[in-house]
Amino acid sequence: MHLDLIYRALADEVRRTVLTCLQVGEGVSLSSLAETIAKSETTAEVASSVETLRVELYHVHIPILCDAGLLEYDDRRSVVALTELGSEVESKLIQPSLEATQS
């Protein structure tokens, strides 16, 4: 595990949102993930369209999350899934941070 890769992956709000939208072992299509994220975005960085977000996910965010070991991506099926490490990072770092900001 390379901490620098994990911190780089977590530095972006879209990538943190990706981790909160997935469950270990449950593959989700890239298109479905883009739709879910587009609906949940509440910042000024909302993608202009779901298709734009899907392209960004494919070319930018998913590769970074995979390099960090947080996601697995099946290119043949265009399906992404959370790894055990991704689940651990999400539950121990992202969720507590979200809960603290909502309090």
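The values are calculated or read from the model by the stated rules, or taken from the named source; none is laboratory data. What you are looking at is a predicted structure, and each value in this text was computed from that prediction instead of being measured. Every residue, glycine among them, receives a Cβ derived from its backbone with ideal geometry; neighbour counts consider all protein chains shown.
Within the stretch 1-27, residues that are in contact (Cβ under 8 Å) with a residue 12 or more places away in the chain and within 14 Å of ILE94 (Cα to Cα) have Cβ atoms under 6 Å from residues that are surrounded by 13 or more Cβ atoms within 10 Å (Cβ to Cβ) and hydroxyl-bearing (Ser, Thr, Tyr) in these pairs: CYS21/THR36, counting only partners at least 6 apart in sequence or on another chain.
Table: residues versus (1) closer than 12 Å to LEU30 by Cβ; (2) surrounded by 13 or more Cβ atoms within 10 Å (Cβ to Cβ); (3) hydrophobic (A, V, I, L, M, F, W, C); (4) at pLDDT below 95.
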position	(1), (2), (3), (4)
LEU53	yes, yes, yes, yes
TYR58	yes, yes, no, no
HIS61	yes, yes, no, no
ILE64	no, yes, yes, no
SER78	yes, yes, no, yes
GLU88	no, yes, no, yes
PRO96	no, no, no, yes
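For the stretch 47-69, the set of residues classified as assigned to a loop (DSSP other than H, G, I, E, B) and in contact with a Leu (Cβ under 6 Å, 6 or more places away or on another chain) consists of ALA47, ALA68, GLY69, listed by residue number. Inside the stretch 20-38, residues that are assigned to a helix (DSSP H, G or I) and either more than 19 Å from ARG54 (Cα to Cα) or touching a Gly at 6+ places or on another chain (Cβ under 6 Å) (or both) make up a count of 0.
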